[in-house]
Amino acid sequence: MTGSGHAPFVINSALTVLPPAPLHATGLQDAAGLLLAFPLLGAAILLLGGKRTNRWGHLVGVAMPLLAFAYGVAAYVQMLGYPAAQRVRELTLYQFINVGRFQIPLGLRLDQLSICFVLLITGVGSLIFIFAVGYMANDPERRRFFGYMNLFLAAMLLLVLGSNYLVLYAGWEGVGLASYLLIGFWQFKNSAAVAAKKAFVANRVGDVGLSLAIMLMFAEFGTTNFTGVFGAVHTASHGVVLAIGLLLLLGACGKSAQVPLQSWLLDAMEGPTPVSALIHAATMVTAGVYLIVRSAPIFDLSADARLAVAIVGAVTLLWGAIIGCAKDDIKKALAGSTMSQIGYMMLAAGLGPAGYVFAIAHLLAHGFFKAGMFLGAGSVKHEMDDEVDMRRFGGLWKVMPITWVTFGLGYLAIIGVPPFSGFFTKDPIIDAAFGQGGTSGALLGTAALLGAGITSFYMSRVMFMTFGGERRWDEKVHPHEAPPVMTSPMIVLAIGSVAAGGFLILDNRLLNFLGPVTGVPPTSHGIWTRAGIATLVLVAIGIVIAWALYGRREVPVVAPAGNPVTVAARKDLYGDAINEGLLMRPGQWLTRLSVFFDNRGVDGLVNTVAATFGGTSGRMRRLQSGFVRSYALSMLVGAVLLVGALLLVRL
Amino acid sequence: MSHTIELAGPAAETTRLIAYWILAIASVAAAIGMVLARKAVHCAILLAVVMLSLAVFYAMEGAPFLAFVQIIVYTGAVLMLFLFVLMIVGISAADSIIETIRGQRMWAALSGIAMLVLLCLVIGHAAIGSAAPASAKFGNGNVTGLANLIFTRYLYPFEITSALLIIAAVGAMVLAHRERIGPKPTQRELAAERIASGRSAPLPGPGTYAQHNAADMPALLPDGSQSELSVSAVLTFREAEGPPELPGGAPESGPAGSIASAPSESHEAGDQ
Amino acid sequence: MVSPAHFIALSVILFVIGAVGVLVRRNAIVVFMCVELMLNAANLAFVTFARMHGNLDGQIIAFFVMVVAAAEVVVGLAILTTIFRARRSASVDDANLMKY
């Protein structure tokens, strides 16, 4: 049920929308391999070039995403020139796997959804890279850092550009690898290495889900191509569709740090701040949302899978919000916020066509304001001699005004104050949740509403503790404003924080653009809805409570004991404890049991056999007494037995 | 052989029967005696008895050639070889009765009885018929018949057995050979050694003045003590035979004692 | 009537006596003599069978047994003498170095 293509999109009630059939890419878009080639070239030069490239490596590292961004913009402009029904373009780089029935091309798909991501990744990415030039200026390993970041960029672009699930999976794995390398970038820090390992293992669990889903797809449909799968998914049984949906959800949980695979995100803050900004705020953690939205035709056919996605999203948005309330580390507080905002996106994606577009809109806006806030936190950390405990900040607005302003704009965006981004992108999600109807709709909507209030509370807490109040920092620390190489990206991102949401939502701009791919909400909502007003009320209450606790009162430098909820939130709501108890310790016991069994049982068996032989031979050798007469006796006995045997045979 | 040993008629049968039974009992008795005798020479003699009775059996069974070969070669050469070695080793060395290996005698007896029983069963079950009718090969043409077989059908075993005999002879020579380490001493050197050693007379022979003249029996000196020089160093010196009872009382008393003491001192002084 | 069975029985008895003698006696020369007894018993059996079957093959074999026994005695006694020279003992129990 696609429109004719050139009229503004008609909002219809069709729930199943098949994306238009892809055409072959032409013109500039045919060179889409460049999007992968640029960052890969950068990574190759920097990582293979070694120490020789140390002096100019960071310049190459920044140039590559800028080139990719330029190409992305050009491809986007070209796409705008096409009618809406002809915007899905595919091209094949080469035939990746060619085994009988199993045909996988290394194909790229340039459609509205992927181009959004391309622009986000390369655009925000370039800004963060520029910031990193200044942030990592004193780090001797800066070149290697940019090498890994380019590697990440290449993998992420492969993920969003892939035209089939297997190429997507290749990119999926690539970003997991890059995340591991970058979290553990400061290898000499044990905590960083442990965090990197934890992130990788948690991701792996999710990856199992995704790979099982792909295998199931191939088994059912004989193809992993988007076009093929989406065209054939209606022929599969309910159970299979539900299974695929749940497995895809598992994969998304791993990559996007949703419950139950959320434990790694806060630990991932061990990596350098640009990493946290790019990977763990703007792009990699949103890959899960991309997966769900891309697989829209599958989820459209299974209401249960959608409900599971929405529940996961709702639980996570509350989980992340509660954790964020109690963290004193500024980066961990922002990480909790990321977890929560992605929960919103997942919740929206779980609402079906009613929410896909808003999920993407929130994703794009979140990319701006969260990256901006992370860069602000990085700038603060850089100036405060790598201190991240907010209890030692305070009163920084006087010393770092640009950081304060950009961070503040991001803050206003995230809590959803109109006319900033968050208001335009978050409120439709809450509204759509309520709009689902029934108990599920009510519960989901309430959760989202509550989450908005808690968000405003903890983000205000961060603002007041960091920038407001009196200075609580040490005498030895002399913070001043960050250098221009660091503040310019922050300013650009702040502009995005302000304007992105409105730009996307007003005039149904994103809706019209993405509609052919994801489907559109059956009913349209205005800007001001009842849910939106309720949200604003809660937001205001949150700000007031935060002001009362942290703005007016003296913030203690040492964290007070806190009530049980605070203690729980400080411990990540016992997420780590649950993982340890449920999985890690039984796993350790299992290995110990296996080792015991192997040592005693298997080795024991083998050793017993050997010992039996040894013992038997030890006893039997006593027969060799050395006396000729004993030997003669045995000969005679043998002869007797022989004659006896012969006789027996003859009898 | 010119005439057949096999006699015809019932008289021949009776003769054979009597001959068989006497010789059979004799040979079995001799065999048992051989196993039980303490002195090795007695064993050799009893074995000779067994072999001779077997020779008669061969003759009874129409193998005259074999009978004579048994007497000439087996009893006459091989058994004599045994006696020679007995002489070298020590003719009166008697085995002790005590069995050193635990359970050996019991198991030997058991196995022996078992073997006997089983083989008797075998005989009982086997179809041992009567003798084949007499032919020219048994008796008159025995040697010719044997020669025929040896040089036609059994040629290879014959040749190989002769090689075996040569090897045995050479092997015995090699085993008995003693390497000369230094140059062979000449007669002059031997004589000079003998004079220099202080004893120019030959060593006393074994068993002189002793009750037995075995090679391992030491000679007795005039004062009754044993002379170590009389027994070859190769043999184990046999103890426990004290001086014999001479008629006339103990050697210390009387002029025999004084005569014995003085020459013994000088004798021992020279006997270094 | 002396049938071959008599001779076979005698052969068996002599053989068993010889076998027991090998096991029981300690003097090496006496052991040899018992082995000779066993060989003789076997010879008797061969000759008896030759008469039973009516051909001379048994006698040929007995003849060869005698020859080989002679060779064996030669070598065996030479070995015995050598051992006796070295160890001064003619007891088979003393040559027990090939033990565990």
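The values are calculated or read from the model by the stated rules, or taken from the named source; none is laboratory data. None of these values were measured; they are calculated from a predicted model. As a convention, Cβ positions derive from the backbone with ideal geometry for all residues, glycine included, and neighbour counts pool all protein chains shown. Remember, those area values only see protein heavy atoms, side chains included, never the ligands or the DNA or RNA. Shrake-Rupley method; radii C 1.70, N 1.55, O 1.52, S 1.80 Å.
Accessible surface of B:L36, taken over heavy atoms with a 1.4 Å probe and every protein chain present, rounds to 120 Å².
Under the combined filter of DSSP loop state and at most 15 neighbouring Cβ atoms within 10 Å, region A:36-92 retains these trypsin sites (Lys or Arg not before Pro): A:R55. So how many Lys-Lys pairs in region A:319-405 land under 14 Å Cα to Cα, not counting same-chain pairs under 8 apart? So the count works out to 4. Near A:L23, the amide H atoms lying under 5 Å from its own belong to A:V88, A:R89, A:E90; only residues 5 or more places off or on other chains count, and H is placed 1.01 Å from N.
Think of each Lys and Arg Cβ as +1 and each Asp and Glu Cβ as -1; about the Cα centre, that makes the dipole of the protein assembly as shown roughly 1900 debye.
Against the main long axis of the alpha-carbon atoms of chain A, helix A:401-415 sits at an angle near 80°.
Take C:E36: with every protein chain present and a 1.4 Å probe, its accessible area is about 0 Å².
Close amide H contacts of A:G162 (hydrogens built in the peptide plane, cut-off under 5 Å, sequence separation of 5 or more or a different chain): A:R109. Loop-located trypsin sites (Lys or Arg not before Pro) in region A:188-220 (DSSP state other than H, G, I, E, B) with a sparse environment of at most 15 neighbouring Cβ atoms within 10 Å: A:K189. Only protein heavy atoms count here, probed at 1.4 Å, and on that basis chains B and C bury about 7100 Å² of accessible area in total.
At an R0 of 25 angstrom, the distance between the Cβ atoms of A:R622 and C:D94 translates into a FRET efficiency of 0.80.
Given axes a ≥ b ≥ c from the Cα gyration tensor, I'd like to know whether region C:21-95 is rounded (a/c under 1.5), prolate (a/b larger than b/c) or oblate.
Details: a/c = 6.56, a/b = 2.45, b/c = 2.68.
Judged from the Cα gyration tensor, region C:21-95 comes out oblate (a/c at least 1.5, b/c at or above a/b).
Overall, the anisotropy analysis places the protein assembly as shown in the prolate class: the square-rooted eigenvalues a ≥ b ≥ c of its C-alpha gyration tensor yield a/c not less than 1.5, with a/b exceeding b/c.
For the protein assembly as shown, carbon and sulfur atoms together expose 69% of the accessible surface, with a 1.4 angstrom probe and every protein chain in place.
Dipole size of region A:165-259 about its Cα centre, with +1 on Lys/Arg Cβ and -1 on Asp/Glu Cβ: approximately 400 debye, rounded to the nearest 20. Near A:G469, the amide H atoms lying under 5 Å from its own belong to A:G395; only residues 5 or more places off or on other chains count, and H is placed 1.01 Å from N. The lysines within cross-link reach of C:K99, meaning a Cα-to-Cα straight distance under 26 Å and a gap of 8 or more places when in the same chain, come to none at all. Ligands, DNA and RNA excluded, the heavy atoms of A:I545 present near 80 Å² of accessible surface to a 1.4 Å solvent probe. Counting only protein chain heavy atoms and rolling a 1.4 Å probe, the accessible areas of A:R392, A:R143, A:R553 rank, largest first, as A:R553, A:R392, A:R143. Any idea which of C:A70, C:N43, A:L216 is furthest toward the positive side of the dipole for the protein assembly as shown, if Lys and Arg beta-carbons carry +1 and Asp and Glu beta-carbons -1? Value computed over the given set: A:L216.
Helix-only estimate, please: 222 nm mean residue ellipticity of chain A, summing -39500 (n - 2.57) across DSSP H runs of length 4 or more and dividing by its residues, to the nearest 500.
-22000 deg cm²/dmol
Which of the aspartates and glutamates could be linked to B:K184 by a straight reach, that is with a Cα gap under 20 Å, when you skip same-chain ones fewer than 8 residues away? The qualifying aspartates and glutamates are B:E193.
Among the trypsin sites (Lys or Arg not before Pro) within region A:556-611, those in coil by DSSP and having at most 13 neighbouring Cβ atoms inside 10 Å are A:K571.
Between A:A611, A:A568, A:V555, whose Cα lies farthest towards the positive end of the dipole of region A:549-651 when Lys and Arg beta carbons carry +1 and Asp and Glu beta carbons carry -1, centred on the Cα centre? Most positive-ward Cα: A:A611. For the residues of B:68-77, the average number of beta carbons from a partner chain within 10 Å of their own beta carbon is 3. Within a straight-line Cα-Cα reach of under 16 Å, A:K197 can be paired with the following lysines, leaving aside sequence neighbours fewer than 8 residues apart in one chain: A:K189, A:K255.
Counting, for every residue in C:42-54, the Cβ atoms of other protein chains within 10 Å of its Cβ and taking the mean gives 5. Placing dummy labels 7 Å off each Cα toward the beta-carbon, the span from A:V477 to A:D576 is 2.2 nm.
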